[in-house]
Amino acid sequence: MTKAKRSSPAARVAELRRLVEHHLYRYHVLDDPELSDAAYDALYDELQALEDQHPKLVSPDSPTQRVGAPPADGFRKVAHLSPMGSLEKVTTAEALSKWADDVRKRLGTDEPVAYVLEPKIDGSAVSLVYENGVYMRGATRGDGLRGEDVTGNLRTLQSVPLRLLEQDGTRPPDVLEVRGEIYFPLAGFAQFTEAQLAAGRKPAPNARNAAAGSLRQLNPAVTAERPLSIYVYGVGVRGDAGPPTQWETLAWLRELGFRTNPDAERLESIEEVAEACAAWEARRGQLGYEIDGIVIKVDSFVQQETLGSLHGRPRFARAYKWAPTAAVTRLLAIHVRVGRTGVLNPLAELEPVQVGGVTVSSATLHNEDDIRRKDIRVGDLVVVQRAGDVIPQVVGPAGEHESGTKPWRMPKRCPLCRTGIVKPEGEVMHRCPNRACPSRGLETLYHWAGSAMDIEGVGGNTIKKLWDEGLVRSLPDLYRVTTEQLEVLEGYAEISAARAIASIERSKEQPFSRVLFGLNIPKVGWVIARNLALHFGSVDALVAATQSELEEVEGVGPDRAVLIAEWFSDEENQALVAELRDLGIQMVSAEQARPVEGSLTGQQFVITGTLESLKREDAKAALEALGAKVSESVSGKTTGVIVGESPGSKAQKAEKLGVPVLSEDDLTALLRAR
Ligand code: IVH
């Protein structure tokens, strides 16, 4: 075997950082990922492992350094490099056209004016400062002159670049200050609300509050758990860099690595602007984020400067805002849904009504205490609100109670399995304690297939049908479904069924961190699952972990540690894990398994093609037992590629990179010799 070309750790770390940043950009900014999540994870994990081995190579702008320590004495106040103003609002087409007249009068009536329209995201405004291309500081808007220093929290957002992308060799400006809106995407907000309710906490009333609250968490690890995102919409300070119009600036910001809203548009007359605003109002309910209006800006910066501002409000821009989003309708019923952790969520069934551009027929009702405090009764007319939030809420009765209505009570028994409902001391939420409750099982399956394991082609409807047919009642059941069983279900044909089965099969390769996330362990969200996987490396280590060992994991405090330890010591859960392991689900963290010291320590192999004498997993296990790592993709770091029958492109890649190619015989010899 010839010696593999190995780059120095420093060079590899630099290369991995560049790759990780590139793929984050593809994912978050261009919305066009080139890698699967697992392949991205492998790069990230390799970087993390190298940095762990060589702590001197760690630098604050490394993508692994997103979650840092809490600020010792709370958030400092910081002065903005230039004031962050606010926008004058207009609410009618007439007011809009009056503004355009004023703009024209001030600029001279012959001058053409173009406008840029941007959805006005309902989140929390922030300023990000980059010095020589490196992220240095992030702050909230505050009073416009001074905000709070939330540098560490903003760093946890993968969509905030830590280092600006190079522009054809031109250096980024010495100081660049950009402004944007941090927001909670609606899908994430719905999940977050559910999790808050399950944990007995009061959920945020809307996505904006949730975003602002998440940004002001003292512990960045908490912010990191929230799926916050950013749309950058402007520049504060930029020296003399950048283009002369708002429209081109958005493109420039995107090239620098910032996430800008792809829905922005440039229009050349105020009539078109008015039409577009009306169209936006109708689209409002279909976006993945909340907006409370449209921002209209004069495109040219020269014109913007000529127009200037009045009391910190630019004359060159307006916020076109819609009427408030509340309506009155009748509360037809209150249903109770059982979530995947057994929490009971009351849901209002409403007479359908138009609220803020969408038809609303159901709304959340948080919990029994809340319903009773507001005295919301079935049969009453109620006020429904979508105050910039996804999930409409019942605010309260619209007037007097109808005669004959009575205060609502949580049912005594679970609506699905009839088990007696419990409300643990000190908690606000009721729970169904039956672990076999059908709804709980179903929700767990939705979570597993939809979020955790990302099983394509197996959506909620399929799972519901499989459940109703009695074919799937647990996670392991999902792996026993056959193509024949699927193809007879409505919505499937032979090919789609085979595809769905293939993606169920593929989910067995999902990394251990995702498996942990999918297992529905109380208070184990995506970030904690990942931290646990990194720290312990295997389910066996987790089962063996004591409470204090669990607390060593980032983000795991005493409360969580107790719940996690309880979950893993439960016999039924252990049986579930064993069954999933037997089915081939990853119960060991591939990249992060604690390194075994052995004769192959430090070496990294890739296996491709079918091996004759042993299964691929067994070859992998044998190599790992000797301390080697076995990874999915060939890189400059790979020691050797083991090639079996009908190898894939990995063998070619090995040749290209000059990585030694080993036959199955070489492998046997290698294993025997040690
Ligand atoms: S431009 C002088 N553009 O709206 C202020 N603001 O009232 C210029 N916002 O604090 C702001 N999306 O939180 C601008 N595309 C956008 C925006 C936007 C949301 C928020 C921002 C700001 C408030 C202005």
Selection status of R594, surrounded by 15 or more Cβ atoms within 10 Å (Cβ to Cβ), at pLDDT below 90 and of a type in the set (D, E, K, R) = no
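Mind checking which residues of region 354-369 are free of Cβ contacts under 8 Å to residues at least 60 places away in the same chain, surrounded by 16 or more Cβ atoms within 10 Å (Cβ to Cβ) and out of contact with any helix residue (DSSP H, G or I) (no Cβ under 6 Å at 6 or more places or on another chain)?
Residues satisfying the conditions are V355, V360, S362, A363.
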For region 619-667, enumerate the residues that are within 18 Å of E15 (Cα to Cα), in a loop (DSSP other than H, G, I, E, B) and among the hydrophobic types (A, V, I, L, M, F, W, C).
-> V634, V659
Restrict the check to region 175-184 and report whether at least one residue is small (G, A, S) and within 16 Å of the ligand (Cβ to nearest atom).
-> yes
Every residue from region 327-344 that is out of contact with any helix residue (DSSP H, G or I) (no Cβ under 6 Å at 6 or more places or on another chain) and buried (at least 17 other Cβ atoms within 10 Å of the Cβ) | A327, T329, L331, I334, V336, L344
Mind listing just one residue for me: the one in region 49-84 that is in contact with a Pro (Cβ under 6 Å, 6 or more places away or on another chain) and not in a helix (DSSP H, G or I) and, of those, surrounded by the most Cβ atoms within 10 Å (Cβ to Cβ)?
-> V67
What tally of residues in region 90-113 results from selecting those that are buried (at least 17 other Cβ atoms within 10 Å of the Cβ), more than 14 Å from the ligand (Cβ to nearest atom) and either at pLDDT below 95 or of a type outside the set (V, I, T) (or both)?
-> 4
Run down V395, V422 and say which single residue is of a type in the set (V, I, T) and free of Cβ contacts under 8 Å to residues at least 12 places away in the same chain.
-> V422
From (1) in contact (Cβ under 8 Å) with a residue 60 or more places away in the chain; (2) away from the ligand (no atom under 13 Å from the Cβ); (3) assigned to a strand (DSSP E or B), pick out the condition that doesn't hold for A187.
-> (3)
Selection status of I296, touching a residue at least 12 places away in the same chain (Cβ under 8 Å), within 30 Å of R413 (Cβ to Cβ) and of a type in the set (A, V, I, L, M, F, W, C) = no
Check whether at least one residue in region 153-166 is within 14 Å of the ligand (Cβ to nearest atom) and either touching a Cys at 6+ places or on another chain (Cβ under 6 Å) or in a strand (DSSP E or B) (or both), and report yes or no.
-> no
Within the group G609, G644, G555, G627, which residue is in contact with an Asp or Glu (Cβ under 8 Å, 6 or more places away or on another chain), closer than 29 Å to T223 by Cα and surrounded by 15 or more Cβ atoms within 10 Å (Cβ to Cβ)?
-> G555
Residues of region 466-482 satisfying the condition of being buried (at least 16 other Cβ atoms within 10 Å of the Cβ) and assigned to a helix (DSSP H, G or I) = L466, W467, L475, P476, D477, L478
Which listed residue, of A139, A204, A125, is over 27 Å from T245 (Cα atoms) and under 28 Å from the mean Cα position of the chain (by Cα) = A204
Go through region 136-147 and give me each residue that's crowded, with 20+ Cβ neighbours inside 10 Å and not small (G, A, S).
-> T140, R141
Residue list for region 641-664, filter: charged (D, E, K, R) and either touching a strand residue (DSSP E or B) at 6+ places or on another chain (Cβ under 6 Å) or under 23 Å from T601 (Cβ atoms) (or both) | E645, K650, E664
Of the numbered conditions (1) within 13 Å of the ligand (Cβ to nearest atom); (2) assigned to a loop (DSSP other than H, G, I, E, B), K120 fails exactly one; give the number of that condition.
-> (2)
Report yes if R440 is of a type outside the set (D, E), buried (at least 21 other Cβ atoms within 10 Å of the Cβ) and assigned to a helix (DSSP H, G or I), otherwise no.
-> yes
Kindly indicate whether A449 is part of a loop (DSSP other than H, G, I, E, B) and among the aliphatic types (A, V, I, L, M).
-> no
Are there any pairs, at least 6 apart or on different chains, whose C-beta atoms fall under 6 Å, with the first in region 248-275 and within 26 Å of T91 (Cα to Cα) and at pLDDT 95 or above and the second more than 12 Å from the ligand (Cβ to nearest atom) and assigned to a strand (DSSP E or B), and if so, which?
-> L267/Y115; V273/Y115; V273/L267
If a residue has to be modelled with pLDDT of 90 or more and either aromatic (F, W, Y) or more than 25 Å from the chain's Cα centre (by Cα) (or both) to count, how many in region 59-84 make the cut?
-> 10
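Every residue, every condition in (1) at pLDDT below 90; (2) surrounded by 19 or more Cβ atoms within 10 Å (Cβ to Cβ); (3) under 17 Å from E225 (Cβ atoms); (4) of a type outside the set (V, I, T), yes or no:
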position	(1), (2), (3), (4)
Q510	no, yes, no, yes
N520	yes, yes, yes, yes
I528	yes, yes, yes, no
E566	no, no, no, yes
S569	no, no, no, yes
M587	no, no, no, yes
Take I291 and decide whether it is farther than 26 Å from L350 by Cβ, in contact with a helix residue (DSSP H, G or I) (Cβ under 9 Å, 6 or more places away or on another chain) and crowded, with 21+ Cβ neighbours inside 10 Å.
-> no
In the set R106, R12, R17, R26, which member is farther than 27 Å from G257 by Cβ and part of a helix (DSSP H, G or I)?
-> R106
Restricted to region 202-219 and to residues being crowded, with 20+ Cβ neighbours inside 10 Å and away from the ligand (no atom under 14 Å from the Cβ), the residue nearest to Q65 (Cα to Cα) is S214
At positive phi and surrounded by fewer than 15 Cβ atoms within 10 Å (Cβ to Cβ): does that describe G457?
-> no
Those residues of region 123-146 which are more than 9 Å from the ligand (Cβ to nearest atom), touching a residue at least 12 places away in the same chain (Cβ under 8 Å) and part of a loop (DSSP other than H, G, I, E, B) amount to N132, G133, G142, L145
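The values are calculated or read from the model by the stated rules, or taken from the named source; none is laboratory data. Owing to the predicted nature of the structure, the values given are computational and were not obtained by experimental measurement. Note that we place each Cβ from the backbone using ideal geometry, even for glycine, and neighbour counts take in every protein chain shown.
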